[in-house]
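Here is the structure we will look at.
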Amino acid sequence: MKKIQPDPAEINQYILKVVEEKKPDDVQQLLEAVRKKFSVPEDEILENILRLQNEGKITLTELPKPIPQTFSRYILSKQAYWYWTTMLIAAITTTLVFAISEDAYPIVYARYLFGAIFVLWVPGYSFIKALFPAREIDNVERVALSIGISVALVPIAGLLLSYTPFGIRTTPITISLLALAITFATIAVIEEYQTKLKAKS
């Protein structure tokens with residue numbers, strides 16, 4: 001459908017039509033439907049939606065969070081919580097691996113738990129976030145792909161380490177997976193911010 005430049009009244013009429021006919025689950029779906037028809041900034045559509053809500057013509061379930069104007073503010077906002085969660089898991093796992101010995105029961109089980117998450121989840125999740133920063137896949141697909149990619153990346157890292165003087169030992173494996181997680185997660189959060197900025201404009 002060809003995008004046109006509308007007046008606010010036309011946008012309001014279309015918003016009401018979408019709400020009545022398509023019954024979007026949340027504001028984000030409503031925004032996407034309106035943006036497909038009208039070539040206007042997201043902020044302008046949001047203003048119209050809020051105006052209609054204030055007039056009692058529609059009821060909102062959830063408003064999308066505004067995008068911070070700078071990357072430094074974005075990375076410290078709640079929208080980047082996944083990045084800091086990933087970094088925290090990686091940091092805790094690395095600390096546990098180097099600080100807790102194999103015979104330190106029962107605390108060694110914490111090392112096993114975080115180690116399993118670190119190996120089977122973190123590298124793949126970071127990689128998938130970098131590939132799909134704009135949530136183009138649903139959560140079930142993201143979980144499945146994250147585990148699958150992690151299962152593929154860990155042996156590759158081990159294979160590469162086997163050709164180095166470090167060999168396949170706990171320390172080099174942990175450091176290499178930590179480097180992968182930090183690299184992919186940092187690329188992902190930058191891509192996510194840039195994607196959201198483009199969608200906003």
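The values are calculated or read from the model by the stated rules, or taken from the named source; none is laboratory data. The model shown is predicted, which means the values in this text are computed figures rather than measured ones. Methodologically, a virtual Cβ is constructed for each residue, glycine included, from the backbone with ideal geometry; neighbour enumeration extends over all protein chains shown.
One table, with the values for the structure above:
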| read-out | value |
| --- | --- |
| Region 39-50 residues that are touching a residue at least 60 places away in the same chain (Cβ under 8 Å), paired with ones that are part of a helix (DSSP H, G or I) and among the aliphatic types (A, V, I, L, M) (beta carbon under 8 Å, 6 or more apart) | Glu42/Leu31; Glu42/Ala199 |
| Unique residue being exposed (fewer than 14 other Cβ atoms within 10 Å of the Cβ), part of a helix (DSSP H, G or I) and modelled with pLDDT of 90 or more when the list is Ala90, Ala116 | Ala116 |
| Matching residues, region 176-201, being surrounded by fewer than 16 Cβ atoms within 10 Å (Cβ to Cβ) and farther than 14 Å from Gln79 by Cβ | Ala179, Thr183, Lys198, Ser201 |
| Region 82-100 residues that are touching a residue at least 12 places away in the same chain (Cβ under 8 Å), paired with ones that are among the polar types (S, T, N, Q) (beta carbon under 7 Å, 6 or more apart) | Thr86/Ser126; Thr94/Thr174; Val97/Thr170; Val97/Thr174 |
| Hits in region 18-28 - residues which are surrounded by 13 or more Cβ atoms within 10 Å (Cβ to Cβ) and either part of a helix (DSSP H, G or I) or of a type in the set (A, V, I, L, M) (or both) | Val18, Val19, Val27, Gln28 |
| Number of positions in region 135-179 that are more than 19 Å from Phe114 (Cα to Cα), part of a helix (DSSP H, G or I) and either at pLDDT below 90 or among the charged types (D, E, K, R) (or both) | 4 |
| Criterion: without any contact (Cβ under 8 Å) to a residue 24 or more places away in the chain and either under 30 Å from Tyr74 (Cα atoms) or in the same structural domain as Gln29 (by TED's automatic domain parsing) (or both) - qualifying residue of Val108, Val122, Val140 | Val140 |
| Residue within region 4-17 that is loosely packed, with under 13 Cβ neighbours inside 10 Å and touching a strand residue (DSSP E or B) at 6+ places or on another chain (Cβ under 8 Å) present | yes |
| Qualifying residue in region 153-174 (condition: of a type in the set (D, E, K, R), without any contact (Cβ under 8 Å) to a residue 40 or more places away in the chain and more than 30 Å from Pro41 (Cα to Cα)) | yes |
| Flag if Tyr109 is over 21 Å from Ala157 (Cα atoms), in a helix (DSSP H, G or I) and at pLDDT 90 or above | yes |
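Every residue, every condition in (1) charged (D, E, K, R); (2) within 12 Å of the chain's Cα centre (by Cα), yes or no:
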site: Pro133; (1), (2): no, yes
site: Ile137; (1), (2): no, yes
site: Arg142; (1), (2): yes, yes
site: Thr170; (1), (2): no, no
site: Thr174; (1), (2): no, no
site: Ala185; (1), (2): no, yes
site: Ile190; (1), (2): no, yes
